[in-house]
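Here's the structure, in structure tokens; my notes come after.
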Amino acid sequence: MDEVITKADEPNSAVRGHIIPVLESGNLSYPTARYIAEFERKSDDNSITLHHRIEGAPLIERVIAKGNAAFVCTVASPVASYRRSHMASSSTQVLRWDSDDLGEPPMFTPMVVATERFQITLDRSRDGVHELWHGQRATFEKGMRLALSDVAVMRSSVLNMLVFEHDPGLSDGEFFVQVDDREGFRFRVRLAANLHRFLKYGSSHFHYNHIITHIASACFSLLKRDYTADEDEEGGWRSYRGLRAIADRLQERGLSHWSDDDFSPELAATRLHPHQVDEFSGDGDED
């Protein structure tokens with residue numbers, strides 16, 4: 001499970017002034033508050049379960065319980081100009097989207113929003129607000145944000161395009177990758193039974209990330225094979241949103257992409273998904 005913790009006492013130069021107390025990073029309206037968003041990955045690439053949790057802000061918890069406010073999460077993709085808001089009265093909600101509409105991993109912005117207009121005379125002890133808010137009469141208009149989590153992105157673009165499939169013809173530990181560009185663009189990863197089961201249920205295991213890095217390297221090798229020197233600015237690989245998103249991500253990390261002569265599949269894979277190893281002190285000298 002991935003967790004994003006937004007703390008009120010964390011520094012944030014982007015905080016703006018508000019006419020109501022707001023729980024967000026860098027805003028001391030609730031001095032000791034935290035907004036915890038836990039993302040539970042599903043077995044498919046088109047949904048996720050989000051668990052909201054508010055700590056240290058009794059006012060927000062109370063108005064949610066009374067039905068004056070609700071949990072909301074925005075799912076967005078800048079590449080595809082995609083933005084949808086999902087509302088839930090419960091602290092647990094399932095978010096769904098169509099990967100073909102996004103072309104890149106979705107960005108999630110959890111928040112708490114007022115669902116109706118209400119007024120409260122703020123009390124430091126009862127509501128958990130900063131003493132500067134104590135005794136103030138605050139008007140909460142419908143649609144105002146009472147809490148705002150930091151933005152979360154769960155998966156890299158390469159992983160968002162993987163389709164895992166069991167191949168009964170493979171022996172334990174074997175896999176290979178195929179490009180499928182018939183509808184959109186996907187990497188179909190054909191897996192032996194034990195690997196297919198492990199990648200479906202073993203995401204918390206130490207070896208999971210190493211296998212994903214290996215698969216990502218194979219994907220980049222296929223892109224280099226198929227799209228080297230592809231300079232078509234309108235068609236070719238640029239006609240797929242997902243590949244454009246990966247190319248942008250590589251550029252952000254200071255790397256070239258598969259159409260360039262100096263592209264390195266293994267460096268691209270390990271730059272996006274670096275191998276995590278414990279510090280090792282061997283007997284031999286390092287070169």
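The values are calculated or read from the model by the stated rules, or taken from the named source; none is laboratory data. Note that the structure is predicted; figures quoted are calculated from it, not measured. All Cβ positions, glycine included, derive from the backbone under ideal geometry; neighbour counts span all protein chains shown. Ligands, DNA and RNA are stripped out before the accessible areas are found, and what is left, the full protein with its side chains, is counted by its heavy atoms. Shrake-Rupley method; radii C 1.70, N 1.55, O 1.52, S 1.80 Å.
List the pairs whose first member sits in the range 1-18 and is more than 18 Å from G56 (Cβ to Cβ) and assigned to a strand (DSSP E or B), whose second member is at pLDDT below 75 and open to solvent by less than 70 Å² (accessible area, probe 1.4 Å), and whose Cβ atoms are under 8 Å apart, counting only residues at least 6 apart or on separate chains? Close Cβ pairs satisfying both conditions: D2/M154. Taking the numbered list (1) among the aromatic types (F, W, Y); (2) touching a residue at least 40 places away in the same chain (Cβ under 8 Å); (3) farther than 17 Å from N160 by Cα in turn, W258 passes all entries but (2).
Here is a yes/no grid of residues against (1) within 15 Å of the chain's Cα centre (by Cα); (2) modelled with pLDDT of 90 or more; (3) open to solvent by 70 Å² or more (accessible area, probe 1.4 Å):
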| position | (1), (2), (3) |
| --- | --- |
| M1 | yes, no, yes |
| N12 | no, no, no |
| P31 | no, yes, no |
| P58 | no, yes, no |
| E61 | no, yes, yes |
| I64 | no, yes, no |
| P105 | yes, no, no |
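Among the residues of the range 68-88, the ones that are at pLDDT below 95 and over 22 Å from L102 (Cβ atoms) come to 0 in all. On the stretch given as the range 150-169, residues that are part of a loop (DSSP other than H, G, I, E, B) and either closer than 30 Å to R34 by Cβ or open to solvent by 40 Å² or more (accessible area, probe 1.4 Å) (or both) total 7. For K224, the conditions (1) modelled with pLDDT of 90 or more; (2) on the phi > 0 side of the Ramachandran plot are fulfilled apart from (2). In the condition set (1) within 18 Å of P274 (Cα to Cα); (2) crowded, with 18+ Cβ neighbours inside 10 Å, L223 is compliant with all but (1). The condition of being within 25 Å of S77 (Cα to Cα), surrounded by fewer than 18 Cβ atoms within 10 Å (Cβ to Cβ) and among the charged types (D, E, K, R) holds for only one of R197, R244, R188, R249, that being R188. The set of residues in the range 95-110 being under 28 Å from K7 (Cβ atoms) and assigned to a strand (DSSP E or B) consists of L95, M107, F108, T109, P110.
Within the range 265-276, does at least one residue satisfy the condition of being open to solvent by 20 Å² or more (accessible area, probe 1.4 Å) and free of Cβ contacts under 8 Å to residues at least 12 places away in the same chain? The answer is no, given that none of the residues of the range 265-276 is open to solvent by 20 Å² or more (accessible area, probe 1.4 Å) and free of Cβ contacts under 8 Å to residues at least 12 places away in the same chain. When the range 111-149 is filtered for residues that are open to solvent by 20 Å² or more (accessible area, probe 1.4 Å) and assigned to a helix (DSSP H, G or I), the ones remaining, listed by number, are R124, S125, R126, E131, L132, W133.
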